[in-house]
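Undergrad: Attaching a single structure in structure tokens format; questions to follow.
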Amino acid sequence: MEASLAKYRDPKAAKALVAQIHEAAPVEPMSLMEVCGGQTHTIYQYRLREMLPTSVRLVSGPGCPVCVTPITYIDQAVALCQIPGVVVFTFGDLVRVPGTRLSLEKARALGGRVREVYSPLDALIYAREHPESQVVFLGIGFETTLPTFSLPLQMAIRENRNNFSVLLSAKRVPPVLDALLRSKAPINGFITPGHVTSIIGANAYSELCERYQVPMVVGGFEPIDLLIAIRDLVRLVAEGKHDNANAYPRAARPQGNIKAQQLFAELYEPCDEELRGLGIIADAGYKLRDCFASFDALRKFDLGKIVSAEPAGCRCGQVLAGTIVPEQCPLFGKRCTPDHSIGACMVSMEGTCNAAYLYRDSHE
Ligand code: SF4
């Protein structure tokens, strides 16, 4: 293990933090939501739940980008890859997410043109080298992944590259938290996502804390990062405070990444957005500005009428809203496993069902 990481996984430090959490926790039960799928994985992997007082419950939130991407989006991507001349480029996880009829993986087996890339820049390079092809990049994710494909998109726009476009499903964390709070979800405090916060800035949550009188603490992804965030959040809840605190200052600053924010402002404008399980949320997404419409795959290609339906029996929606745990889905570990996923929450490495399945033995 890298020395720099070792201190964030130190058992002695973890033990001390767990003792502080027990000391701070009141008898009354509280529910704390970790928003990000990466945080959920660490919580399962290091069995953090089992270390907490019984009065402190951790609830997994909707921060897995693949999981919250609606099934209609998968169906649109499948339709795109079947158009002659179109090549769809995507990050790996997305190819296995079931659509209504096909996943991208299955569509590829049937002749659809789908390529997995680590860097969206590869899609732009392909577009430059293959002017006869129409390249579509599947731009999904929260504010963390948005810069990775926004930069190649900006380059394509500046080059006036007319064979490059993006199928966008970009999500914004603060409006999603706003919707959860408005729905009166029984959450006493939020561990906000460190990576997203490194882009949007820790200040982005202050207004929500004030309006809903709820505390939030920015959390990282290593066990010590999360235990510090949990300790700070437990203390705030116990004291009846609604501060917006930061337990991940090594990456998340108050103002965030100004250059990334400027890039977003240049290319996108906020729009209402559908999230799987949470429905359409006001201002929870980004759409390309009208002046860049020719780079928007949905406006560029006629996909006809697409009728989508969630897989029968899948309860991803409730898992994402934090109203059930994966084990409460009747398909969990039976018909739905990482090798044979029925829903997106089992496919993605950041999915709650995937984490619950992967580390299930450690909880038995
Ligand atoms: S176990 Fe599978 S089917 Fe059930 S909610 Fe999770 S992903 Fe959906």
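Let's see how each residue does on (1) surrounded by fewer than 21 Cβ atoms within 10 Å (Cβ to Cβ); (2) out of contact with any Leu (no Cβ under 6 Å at 6 or more places or on another chain); (3) over 23 Å from residue 275 (Cα atoms):
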position: 28; (1), (2), (3): yes, yes, yes
position: 31; (1), (2), (3): yes, yes, no
position: 41; (1), (2), (3): no, yes, no
position: 55; (1), (2), (3): yes, yes, yes
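Undergrad: Sticking with this one: Are there any pairs with C-beta distances below 6 angstrom linking a residue in the stretch 313-340 that is over 24 Å from residue 31 (Cβ atoms) and within 7 Å of the ligand (Cβ to nearest atom) to a residue that is at pLDDT 95 or above and assigned to a loop (DSSP other than H, G, I, E, B), with the two at least 6 apart or on different chains, and if so which?
TA: Partner pairs satisfying both residue conditions: 313/331.
Undergrad: Residues in the stretch 296-306: is at least one within 13 Å of the ligand (Cβ to nearest atom) and of a type in the set (Val, Ile, Thr)?
TA: So far as the stretch 296-306 goes, no, none of its residues is within 13 Å of the ligand (Cβ to nearest atom) and of a type in the set (Val, Ile, Thr).
Undergrad: Here's a follow-up. Check the stretch 171-193 and report whether any residue there is under 30 Å from residue 132 (Cβ atoms) and among the hydrophobic types (A, V, I, L, M, F, W, C).
TA: No, every residue in the stretch 171-193 fails to be under 30 Å from residue 132 (Cβ atoms) and among the hydrophobic types (A, V, I, L, M, F, W, C).
Undergrad: Quick check, is residue 35 of a type in the set (Val, Ile, Thr), out of contact with any strand residue (DSSP E or B) (no Cβ under 8 Å at 6 or more places or on another chain) and surrounded by 21 or more Cβ atoms within 10 Å (Cβ to Cβ)? Steps first, answer last, please.
TA: Values: of a type in the set (Val, Ile, Thr): yes; out of contact with any strand residue (DSSP E or B) (no Cβ under 8 Å at 6 or more places or on another chain): no; surrounded by 21 or more Cβ atoms within 10 Å (Cβ to Cβ): yes.
Here the answer is no, as residue 35 does not meet what is asked.
Undergrad: Out of all the residues in the stretch 341-353, which are of a type outside the set (A, V, I, L, M, F, W, C) and more than 8 Å from the ligand (Cβ to nearest atom)?
TA: Scanning the stretch 341-353 gives 348, 350.
Undergrad: Which of (1) farther than 20 Å from residue 94 by Cα; (2) modelled with pLDDT of 90 or more is the odd one out, the single condition residue 340 does not satisfy?
TA: In the conditions (1) farther than 20 Å from residue 94 by Cα; (2) modelled with pLDDT of 90 or more, residue 340 misses (1) alone.
Undergrad: State yes or no: is residue 296 surrounded by 17 or more Cβ atoms within 10 Å (Cβ to Cβ) and over 27 Å from residue 341 (Cβ atoms)?
TA: Yes; evaluated as a whole, the condition is true for this residue.
Undergrad: Can you tell me which residue is most open to solvent (accessible area, probe 1.4 Å) among those in the stretch 343-364 that are modelled with pLDDT under 90 and not in a loop (DSSP other than H, G, I, E, B)?
TA: 361
Undergrad: I would also like to ask the following. Of 254, 330, 270, which residue is assigned to a loop (DSSP other than H, G, I, E, B), in contact with a strand residue (DSSP E or B) (Cβ under 8 Å, 6 or more places away or on another chain) and open to solvent by 60 Å² or more (accessible area, probe 1.4 Å)?
TA: 254
Undergrad: Scan 31, 103 and give me the residue that is closer than 25 Å to residue 230 by Cβ and in contact (Cβ under 8 Å) with a residue 24 or more places away in the chain.
TA: Matching residue, one of 31, 103: 31.
Undergrad: For the stretch 213-244, which residues satisfy the criterion of being among the basic types (Lys, Arg) and part of a helix (DSSP H, G or I)?
TA: 231, 235
Undergrad: Just checking, how many residues over the stretch 100-140 are of a type in the set (Phe, Trp, Tyr), open to solvent by 60 Å² or more (accessible area, probe 1.4 Å) and at pLDDT 95 or above?
TA: Going through the stretch 100-140 one residue at a time, the tally reaches 0.
Undergrad: Could you grab me the full set of residues in the stretch 1-26 that are touching a Ser or Thr at 6+ places or on another chain (Cβ under 8 Å) and surrounded by 15 or more Cβ atoms within 10 Å (Cβ to Cβ)?
TA: Step one: list which residues in the stretch 1-26 are touching a Ser or Thr at 6+ places or on another chain (Cβ under 8 Å), which gives 25-26.
Within the stretch 1-26, 25 is the sole residue that qualifies.
Undergrad: Exactly one of (1) in contact (Cβ under 8 Å) with a residue 24 or more places away in the chain; (2) crowded, with 22+ Cβ neighbours inside 10 Å is unmet by residue 243. Its number?
TA: (2)
Undergrad: Going residue by residue through the stretch 280-291, is there one that turns out to be open to solvent by 20 Å² or more (accessible area, probe 1.4 Å), outside any strand (DSSP E or B) and in contact (Cβ under 8 Å) with a residue 60 or more places away in the chain?
TA: Kept after step one, since they are open to solvent by 20 Å² or more (accessible area, probe 1.4 Å), are these residues of the stretch 280-291: 280, 282-283, 286-287, 289-291.
Filter once more, so that each one left must be outside any strand (DSSP E or B): 289-291.
Restricting the remaining residues to those that are in contact (Cβ under 8 Å) with a residue 60 or more places away in the chain gives none.
No.
Undergrad: While we're looking at this one, here's another question. Does any residue in the stretch 154-179 that is in contact (Cβ under 8 Å) with a residue 12 or more places away in the chain come within less than 6 Å, Cβ to Cβ, of a residue that is among the acidic types (Asp, Glu) six or more places away or on a different chain, and which pairs are these?
TA: Pairs found: 175/283.
Undergrad: Still on this model: Scan (1) of a type in the set (Ser, Thr, Tyr); (2) at pLDDT 95 or above; (3) over 28 Å from residue 324 (Cα atoms) for the single condition residue 42 breaks and write down its number.
TA: Residue 42 satisfies all of (1) of a type in the set (Ser, Thr, Tyr); (2) at pLDDT 95 or above; (3) over 28 Å from residue 324 (Cα atoms) except (3).
Undergrad: Which residues, taken from the stretch 223-240, are in contact (Cβ under 8 Å) with a residue 24 or more places away in the chain and open to solvent by 30 Å² or more (accessible area, probe 1.4 Å)? Let's see the steps before the verdict.
TA: Step one: of the stretch 223-240, the residues in contact (Cβ under 8 Å) with a residue 24 or more places away in the chain are 223-231, 233-238.
228, 231, 235, 237, 238 - these are the residues of the stretch 223-240 that are in contact (Cβ under 8 Å) with a residue 24 or more places away in the chain and open to solvent by 30 Å² or more (accessible area, probe 1.4 Å).
Undergrad: Another question, then. Mind checking whether some residue in the stretch 200-209 is among the acidic types (Asp, Glu), surrounded by fewer than 17 Cβ atoms within 10 Å (Cβ to Cβ) and farther than 17 Å from residue 249 by Cα?
TA: Looking through the stretch 200-209, at least one residue is among the acidic types (Asp, Glu), surrounded by fewer than 17 Cβ atoms within 10 Å (Cβ to Cβ) and farther than 17 Å from residue 249 by Cα.
The values are calculated or read from the model by the stated rules, or taken from the named source; none is laboratory data. Keep in mind the model is a prediction, meaning the values are calculated, not measured. Note that we place each Cβ from the backbone using ideal geometry, even for glycine, and neighbour counts take in every protein chain shown. To get the accessible areas, we keep the full protein, side chains included, count just its heavy atoms, and leave off ligands, DNA and RNA. Shrake-Rupley method; radii C 1.70, N 1.55, O 1.52, S 1.80 Å.
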